[in-house]
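Here, each number is a calculation from the coordinates, and none is a lab measurement. Owing to the predicted nature of the structure, the values given are computational and were not obtained by experimental measurement. Positions of Cβ are backbone-derived with ideal geometry, glycine not excepted, and every protein chain shown enters the neighbour counts.
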Amino acid sequence: MMIGRRTFLASGGLWLAGLAHADAPVIDIAMNSNEDGSKVWYDPIGLLVEPGTTLRWMIMANVHATAAYHPDNDNHSLRIPEKAKPWNSDFLVNPGDHFEVTLTEPGVYDYYCTPHEQAGMVGRIVVASASGPGTLPFGYFKSLNPKPDWQDVPEAAQKNFPSIERILRDGIIRMQI
């Protein structure tokens, strides 16, 4: 089940979703925290979308970022499709600040919040189908020869990714705080 605008809106995402025009859906992902900043999260944390969907990460509270798991981003391990262009928003500071990426390559895209990765602030997007490095176990690259000098995904982050199977089944995974 691909998540479309109507399905997303019906699931309670009215304040999160927009539409640039009928051919190019835009889905907002909130970047949030509780009042004292001790809990940080993306909402939704998991999405199934069609190729060509634009994702817009928007600050609701605190300072956040969104970056693809990719060696171009501080030598992180590759967890997006090989042909996909990595992104890095840098720091977004004020409520309403946002960053957009249009995903066209099918596959799994794992991403993280630069200042909060160690706290487990991560998300996962499946574009059309489950394929690519994002489907592999964390640390898969350690068995490659030659072994790349990539950073592994922190344990707290690994624990927070929604399963690919659940994303494929439900289409949208909301963060439970």
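Find the relative contact order for the chain and round it to a whole percent, using C-alpha pairs within less than 8 Å whose residues are 6+ positions apart.
24 percent
Who wins for biggest fluctuation among ASP152, ASP36, ASP97 in a Gaussian network model of the chain, springs between alpha carbons below 10 Å?
ASP36
Based on Cβ point charges of +1 for Lys and Arg and -1 for Asp and Glu, what charge dipole magnitude is obtained for region 126-170 about its Cα centre, in debye rounded to the nearest 20?
In debye, rounded to 20, region 126-170 gives about 80.
Would you kindly give the portion of the calculated P(r) for the chain that falls above 23 Å, as a percent of all Cα pairs?
35 percent
Which percent, nearest 5, of DSSP beta bridges in the chain are antiparallel?
70 percent
For region 63-72, what does the Karplus curve 6.51 cos²θ - 1.76 cosθ + 1.60, with θ = phi - 60°, yield as ³J(HN,Hα) per residue in whole Hz, taken in order and with x for Gly and Pro?
Per-residue couplings from phi come out as 10, 9, 8, 9, 9, 6, 5, 7, x, 5 Hz.
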